[in-house]
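Values quoted throughout were computed directly from the atomic coordinates according to the rules given, and no laboratory measurement underlies them. These numbers were taken from a predicted model, which means no experiment stands behind them. When we count neighbours, we look across all protein chains shown, and the Cβ atoms used for this are built from the backbone with ideal geometry, even at glycine.
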Amino acid sequence: MRRGLRLRAPAKINLTLEVLNRRPDGYHEVATVMQTIDFGDVVTVEPASEITLEVSGPAAAGVPAEPEQDLAYRAAKRLAFWLKEPRGARICLEKHVPAGMGLGGGSSDAAAVLRGLNLLWGLDRDAASLARSAAELGSDVPFFVYGGTALCRGRGEVVDGLVDAAETVLTLFLPPKTIADKTAAMYASLDKSDFSAGVATRGLVDDVVMRRPVLDGWNVFDRRADVFGEEVAAAMEACRLAGFDVHLAGSGPAFFALRPRADLPDREAALMDYLGFQVREFRFLSRAEALKVEEL
């Protein structure tokens, strides 16, 4: 039996995010290209008689106090339930990705747990099988089963893995706070004028497949950034006026530019500091890097 495994649980950005329509089931039909980045959590899974969860790290405060409310813990319990037999594991989350920023930290943790327990418990399930299970946990979880660069459709759970996007450096802006139920608030802010035909996403897919540089993104929620308050909208507008094109990460409020941090003008850097934003540089993470697993 394996002694334990350490897995990467990377954050993501949405290079594009388009809403095509509102579905009869109440969800929105989306077309989005998602990309893992080299910012994330660390997940370890070890043999144990029962499923337990331990959390540490600088972003640990964003994890629910009750394990049953945490997506990673629920992923383990759900996988054991699907097997219809008792299984155990000690799960440790080292949290670096702040919750509620649109970076998919909780979903990535859940996918890492599924991937880790698939190996630890010797289940031998392939990515497609794990992704189907992951879809029951949340719309973003299947993407993190694949990692790298992917086209996601449906409500986000239908994943078509793409070749790795060309190596790219990005600057990530993390505001000091988010709002409760912000994803629901962002979708509720949309009307029919925000719906599109997926043209931006198809163009980005072509760029990725042809190994062309990814120079810019597109996000339907960019025009709704004022939902987060004046600070986020003002910070994004200041960056744009300085020629530093930015887009929300998923439903925000974190946002990014596909440029190095050094390109951010001093005046805008000072504004970000004044508003309490963290400004950090990362890079795209390939599928192989995103799915890295180490033996303990």
Failed condition for Val145, given (1) in contact (Cβ under 8 Å) with a residue 60 or more places away in the chain; (2) surrounded by 20 or more Cβ atoms within 10 Å (Cβ to Cβ); (3) hydrophobic (A, V, I, L, M, F, W, C):
(1)
Among the residues of the range 231-246, are any within 18 Å of the chain's Cα centre (by Cα) and under 26 Å from Ala150 (Cβ atoms)?
yes
Residue pairs, Cβ under 7 Å, 6 or more apart or interchain, first in the range 75-96 and in contact (Cβ under 8 Å) with a residue 12 or more places away in the chain and under 12 Å from Leu137 (Cβ atoms), second surrounded by fewer than 16 Cβ atoms within 10 Å (Cβ to Cβ) and among the charged types (D, E, K, R). List them.
Arg78/Glu136
Flag for Thr183 being more than 30 Å from Ala127 (Cβ to Cβ) and in contact (Cβ under 8 Å) with a residue 60 or more places away in the chain
no
Among the residues in the range 47-58, are any among the hydroxyl-bearing types (Ser, Thr, Tyr), part of a strand (DSSP E or B) and crowded, with 17+ Cβ neighbours inside 10 Å?
no
Considering only the range 97-134, how many residues are over 26 Å from Val158 (Cβ atoms) and free of Cβ contacts under 8 Å to residues at least 60 places away in the same chain?
2
Looking only at residues that are touching a residue at least 60 places away in the same chain (Cβ under 8 Å) and among the hydrophobic types (A, V, I, L, M, F, W, C) in the range 205-235, which one is surrounded by the most Cβ atoms within 10 Å (Cβ to Cβ)?
Phe221
Scanning the range 219-244 for residues that are in a loop (DSSP other than H, G, I, E, B) and out of contact with any Lys or Arg (no Cβ under 8 Å at 6 or more places or on another chain), the one farthest from Pro175 (Cα to Cα) turns out to be Gly243
Of the candidates Asn14, Asn21, the one satisfying the condition of being surrounded by fewer than 21 Cβ atoms within 10 Å (Cβ to Cβ), part of a strand (DSSP E or B), out of contact with any helix residue (DSSP H, G or I) (no Cβ under 6 Å at 6 or more places or on another chain) and not aromatic (Phe, Trp, Tyr) is Asn21
